[in-house]
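Written out below as structure tokens is the structure these notes cover.
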Protein chains: 2
Amino acid sequence: MRRPTLEAVAARAGVSRATVSRVVNGSDTVRPEIRAAVLRAVEELGYVPNSAARSLVTQRTDSIGLVVSEPPSRVFSDDPFFSIVVRAVSQELENADKQVVLMLASSAAGHARVERYVAGGHVDGVILLSLHGSDPLPAALLRTGVPVVSHGRPVSTVRPPYCDCDNVGGARAAVEHLVGKGRRRIATIAGPPDMTAGLDRLAGYREVVSGSDRRSLVAMGDFTRESGAAAMRQLLEDDPDLDAVFAASDLMAIGAMHTLRKAGRRVPDDVAVVGFDDIEAARYTDPPLTTVRHPIAEVAQAIVRMLLSLEPGQRPEPVILPTELIVRDSA
Amino acid sequence: MRRPTLEAVAARAGVSRATVSRVVNGSDTVRPEIRAAVLRAVEELGYVPNSAARSLVTQRTDSIGLVVSEPPSRVFSDDPFFSIVVRAVSQELENADKQVVLMLASSAAGHARVERYVAGGHVDGVILLSLHGSDPLPAALLRTGVPVVSHGRPVSTVRPPYCDCDNVGGARAAVEHLVGKGRRRIATIAGPPDMTAGLDRLAGYREVVSGSDRRSLVAMGDFTRESGAAAMRQLLEDDPDLDAVFAASDLMAIGAMHTLRKAGRRVPDDVAVVGFDDIEAARYTDPPLTTVRHPIAEVAQAIVRMLLSLEPGQRPEPVILPTELIVRDSA
DNA sequence: CTGAAAGCGCTTACAG
DNA sequence: CTGAAAGCGCTTACAG
């Protein structure tokens, strides 16, 4: 079932290929009768332009790469972050009539593939997700000359333009809330130290704690429930008298609450818990989770707009969106 | 920053474009010295083949479309199903050196876009997700002649090949477990009636209930937490004496437990709860959720293999993977 | 084993 | 306003 070409449409409409091309591309320098005849032929033949041929001459592909750079261990995690970003990006790109090409790079081989793919001119731009400190991808992609933006501030020294939420301010608000509730021993479960979301939320915690004559008490996690549960066990061992914990993600807060329950601590009576992200699950925990809203979809939309308006050689300023403390029952 | 072409590599290596093409594509009919010279030139110039030009002549794109057909209301839900499928498909396709092009079709305009995109030869095959009864997409895509497979049995009369889990059997096992525990008034929160996962899980429930001289008690949901919470409220109103509920998704089970808690019912003492899917969150509810394991990633892998091995004109048999009851504390 | 040549299906100056 | 022609960057019979 061979698809009809421009040639076939031209023959049917009795015009040249150039004219068909003009009509198909919406040029307004075509006589109405001719346009109508061409459109009829297009319709009758079910003509759809071949995208490879078009890209070859226009040097555009009308697709954008969404590169997710994650270690294999987290690739199957059910972090809603991924899903929300993917959907928001697709939706926003849809308005610009562009497609999303998804690329997971979870290994060195994966990185090489992504790099080749981008260098092969397959996409007009790249959105980077989940950047880790040692990640060589940003530098490699920047070198291809293709426009690149990052969802979240990258750790690496070579920095593509990015959009992020106010991680430090959000963490600060969370911990200040705990201080305001009179909590004395406030611990934190931090995110991975090779991601800026991990670093910045920890920085916000430290600022408030050290500014209020409290001692800091830190355990590390990697944003997953399981790591939150493990970190909470560690924290209880380190200081059985703690009366509050700020987890750098809702998933870790959920894991922490699981551990607290098993240890017989009541939330918030014995230990107050605050999360970060305000994912939907935060409304369904027992008790419902007090957390910091992370405008994930809004950041994604901003990224897309940034990418689409990027002029060659230009370095736009980062965009930082505000967070908001959402008080529920856990703290 | 113009990228080097075959031409440039040929000039540098002192051979013809045909020879460079052969080396780049791994043909073994090239003399070793020449191959080495070409590879050196490729390296020095940083040559990467232009994919549009290659596709134009080979008529292949080495990418596969993943089409998610969902109403806008659910597009931003954080159902891990979406994330798991996307990741599993990418991973599996990576082994075959193919890329995933993600397409969300959440409106009539979206459908038209997807159809045009596929008809435009942008992808070599299509994987369909979240099919709803009235969805015109399967028929439209099948008409393009591009290979299509579906994740989950489609409702529509025109049926692409598919892979699914044993929804009926899984639901049966869940309800039999409740019967075995001596529960008398077993309700169900069903999925949407325009999706086979909704229909089949309800059918499994009905089979067991009606085969054990119990009355059925059904409320409808749409697989989300919120719908599960609302359905549970309805159920408690309809029959305050119910002592068990089978929810057709873990998310709905989580919503139902939320409602039960607010209504002062203890789980499982007053009301036993069983879910479906065994998402990670099921291990972190209070109490941990008894559920039916849905091998989402395995189904996705099977789909990809099916798609890649599809011969033109062939209609492979559906593949149905088994489910497994996971007993925890909620029932 | 290698090269000259045709051709994949489009777009876009350039003439007219 | 329209058409003839060149060209985008590859691959692949076909000769040799």
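Rg to Rh for the stretch A:19-114: what is it, with Cα atoms only and Rh by Kirkwood?
The Rg/Rh ratio comes out at 1.18.
Please report, for A:Arg215, the nm distances (one decimal) from its label point, 7 Å out from Cα along the beta-carbon direction, to the equivalent points in the remaining copies, shortest first.
Nearest first, the other copies' label points are 6.3 nm away.
Please figure out what share of the DSSP beta bridges in the protein assembly as shown is antiparallel and state it in percent, rounded to the nearest 5.
Here the share of antiparallel DSSP bridges comes out near 10 percent.
Compute the projected area of the convex hull of the Cα atoms of the stretch B:254-331, averaged over all viewing directions, and report it in nm² to one decimal place.
6.3 nm²
A:Ala105's amide H: which non-local residues (gap 5+, or another chain) put their own amide H closer than 5 Å, with H modeled 1.01 Å from N in plane and none for Pro or chain starts?
A:Val68, A:Ser69, A:Glu70
Based on the mean of other Cβ atoms within 10 Å per residue, sort peptides B:129-136, A:280-287 so the most packed one is first.
In decreasing order of mean packing, B:129-136, A:280-287 become A:280-287, B:129-136.
Can you list, bin by bin at 10 Å, the percent of alpha carbon pairs in chain B, starting at 0?
That works out to 6, 23, 25, 18, 13, 8, 5, 3, 0, in percent per bin.
What is the Cα centroid distance between the stretch A:176-207 and the stretch B:197-233, reported in whole angstrom?
43 Å
With the cut-off at 1.5 for a/c, could you classify the stretch A:134-234 from its C-alpha gyration tensor as rounded, prolate or oblate?
Prolate, because a/c is 1.5 or more and a/b exceeds b/c.
Quick one: label points 7 angstrom along Cα→Cβ at B:Ala96, distances to the other copies in nm, smallest first?
3.0
Which peptide among A:237-250, B:314-327, B:198-211, B:240-253 comes first, and what is the full order, when sorted by highest mean count of other Cβ atoms within 10 Å?
Order by mean packing, descending: B:240-253, A:237-250, B:198-211, B:314-327.
Is it possible to state the helix-based mean residue ellipticity at 222 nm for the protein assembly as shown, with each DSSP H run of 4+ residues giving -39500 (n - 2.57), the sum divided by total residues, to the nearest 500 deg cm²/dmol? What is it?
Value at 222 nm, helices only: -13500 deg cm²/dmol.
In peptide A:115-127, what is the residue-averaged number of other protein chain Cβ atoms found within 10 Å of each Cβ?
Mean partner shielding for this stretch: 3.
Once you charge only the Cβ atoms, +1 for Lys and Arg and -1 for Asp and Glu, what is the size of the charge dipole of chain B about its Cα centre, to the nearest 20 debye?
840 debye
Taking the Cα atoms of the stretch A:167-293 alone, what are Rg (to one decimal) and Dmax (as a whole number) in Å?
12.5, 34
When Cβ neighbours within 10 Å are restricted to other protein chains, what is their mean count per residue of peptide A:100-110?
Per residue, the number of nearby Cβ atoms from other chains is 4 on average.
Which distances, in nm and shortest first, link the B:Arg305 label point to the same label point in every other copy, taking 7 Å along Cα→Cβ?
Values, ascending and in nm: 4.6.
Going by a ≥ b ≥ c, the root eigenvalues of the Cα gyration tensor, does the protein assembly as shown fall in the rounded group (a/c under 1.5), the prolate group (a/b larger than b/c) or the oblate group?
oblate
What does the convex hull of the Cα atoms come to per residue for the stretch B:82-173, in Å³?
Residue-normalised Cα hull volume stands at 114 Å³.
Using every Cα-Cα pair within the stretch A:6-49, state what percent have a distance larger than 13 Å.
Of the Cα pairs, 39 percent sit more than 13 Å apart.
With a/c under 1.5 counting as rounded, go ahead and sort the stretch A:186-250 into rounded, prolate or oblate using the C-alpha gyration tensor (a ≥ b ≥ c being the square roots of the eigenvalues; past the cut-off, prolate if a/b is larger than b/c, else oblate).
oblate
Where a number appears in this text, it was derived from the coordinates with a stated rule and is not lab data. Remember, predicted model here, so these are calculated numbers, not experimental data. Note that each Cβ is placed from the backbone with ideal geometry, even for glycine, and that neighbours are counted across all protein chains shown.
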